[in-house]
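Trainee: Take this structure first; my questions come after.
Taken together, the values in this text are just the output of simple stated rules run on the coordinates, not laboratory data. What you see is a predicted model, and the numbers here were worked out from it, not measured in a lab. Glycine gets a Cβ as well: all are built from the backbone with ideal geometry, and neighbour counts include every protein chain shown.
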Amino acid sequence: MTLKTTLIDVDELAALAPDDVLIVDCRYDLMAPGSSARDVGKGERDYREGHIPGAVYASLDTDLSDLSRKGEGLGRHPLPLEKAFSETLSRWGWRDGTQIVCYDAANGSLAAARLWWLLKLASIRDVAVLDGGYPAWVRAGKPVESGDVHRTPRPVSLHFDADRYIVDHAALRSDPNRLLVDARATPRYRGEVEPIDPVGGHVPGAFSRPFSENLREDGRFKRPDELRKEFEALLGTHAPQDVVHMCGSGVTACHNLLAMEHAGLTGSRLYAPSWSGWVSDASRPVAKGAEPG
């Protein structure tokens, strides 16, 4: 079996033997996240009503983030600690060498891209996002099941390669060669609207690349050659390694990072706190309007 490292399509996933793959459902609704173990979010309710057979559920708030750290200036979705993420993979029964496939709903595979990136951060390469997500699986007439899935836990101990993949506040401001790319919708980038964070606008010098531009009308990613052409136009003379991705909370930005990797433009990094982390300090400058000239 040839392991996938960026995207996988529906037929490729359906052809994998259940013992050869760990499937993770990452569906999440920002407007209906849930507030407790008894009041689960819409994404988890949708998972229980129907999911790809064998898929476990990943909560953006509790598995892919550590919301207890929000007061540390790390944004709305602070990264989980190594120990907590190791325990999550242990609960899912992950073993080294297993193909991991993550998916979510028709919102562009945002939380799935976050999990894909977290696994890269933990030096796990055999992970791919289902192109088109759960809607593509259903449209193809593939089987679904309901309820929860529980796998046999395995011991897992992971370490994050933060220096290679993450940019913090200090590094963002001190690196003169970086090209900051913002994945939020254009009106939020320009500061025309801001439905979530207390301040609208963007980090001075950042360029806009809404994640939606990575997708075709059916919700699947554009071809690698299309993505490469578009991102190379954005990069100009910059190397992919100069690129730092951001968004509102460090989730949507992973979609642009995935698109670049799928296009063969490897080595970009994530400003994990993103806009919500940037504006947590009122002394940091805010720009509004169009991109830098």
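Trainee: Taking H as built 1.01 Å from N, whose amide H comes closer than 5 Å to the amide H of Leu179, not counting residues under 5 places away?
Mentor: Val243, Val244
Trainee: Taking a virtual spin label 7 Å from the Cα of Asp281 along the C-beta vector, which residues in segment 164-186 bring their backbone nitrogen under 16 Å of it?
Mentor: 167-176
Trainee: What pairs from Lys42/Lys70; Lys83/Lys222; Lys120/Lys229; Lys4/Lys70; Lys4/Lys222; Lys42/Lys83 go past 29 Å between their alpha carbons?
Mentor: Numbers: Lys42/Lys70 22 Å; Lys83/Lys222 36 Å; Lys120/Lys229 24 Å; Lys4/Lys70 33 Å; Lys4/Lys222 17 Å; Lys42/Lys83 27 Å.
Violating the 29 Å limit, Cα to Cα: Lys83/Lys222; Lys4/Lys70.
Trainee: Let me ask you something else. Can you pull out the trypsin sites (Lys or Arg not before Pro) in segment 169-264 that DSSP calls coil and that have at most 12 other Cβ atoms within 10 Å? Provide the component values of the computation, followed by the final result.
Mentor: On the way: sites: Arg173, Arg178, Arg184, Arg188, Arg190, Arg216, Arg220, Lys222, Arg228, Lys229; in loops: Arg178, Arg184, Arg216, Arg220, Lys222.
Qualifying residues, ordered by number: Arg216.
Trainee: If you don't mind, there's one more thing I want to ask. Looking only at segment 163-278, where both bridge partners belong to it, what percent of the DSSP beta bridges are antiparallel (to the nearest 5)? Please report the intermediate quantities before stating the final value.
Mentor: Values: 1 of 11 bridges.
Taking every DSSP beta bridge within segment 163-278, about 10 percent pair in antiparallel fashion.
Trainee: Determine the dipole magnitude for the chain: charges of +1 sit on the beta-carbon of Lys and Arg, -1 on that of Asp and Glu, nothing else is charged, the reference point is the Cα centre, and the result goes in debye to the nearest 20. Before the final figure, lay out the partial values.
Mentor: Values: 35 positive and 42 negative charges, 66 e Å.
Rounded to the nearest 20 debye, it is 320 debye.
Trainee: Can you list residues whose amide H is under 5 Å from Lys222's amide H, if they're 5+ apart or on another chain and H is modeled 1.01 Å from N?
Mentor: The answer is Leu215, Arg216.
Trainee: Moving on. Tell me which residues come under 5 Å, amide H to amide H, from Arg76 once H is placed; ignore anything under 5 positions away on its chain.
Mentor: Counting only residues 5 or more places away or on other chains, the set is Ser276, Gly277.
Trainee: OK, next. If I fit a long axis through the Cα atoms of helix 82-91 and take the longest principal axis of the Cα atoms of the chain, what angle between them do I get, 0 to 90°, rounded to 10?
Mentor: 20 degrees
Trainee: If one takes the longest principal axis of the Cα atoms in the chain, at what angle in degrees, from 0 to 90 and to the nearest 10, does the Cα axis of helix 110-121 lie?
Mentor: 90 degrees
Trainee: Between Ala136, Ala113, Leu158, whose Cα lies farthest towards the positive end of the dipole of segment 48-203 when Lys and Arg beta carbons carry +1 and Asp and Glu beta carbons carry -1, centred on the Cα centre?
Mentor: Looking along the dipole axis, the top candidate is Ala136.
Trainee: Shifting gears a bit: Taking DSSP loops as anything outside H, G, I, E and B, show the longest stretch in the chain free of GluC sites (Glu not before Pro) there with at most 14 other beta carbons within 10 Å. If you can, show how the numbers build up before the last one.
Mentor: On the way: sites that count: Glu192, Glu217.
With GluC sites (Glu not before Pro) excluded where exposed in loops, the chain gives 1-191 as its longest stretch.
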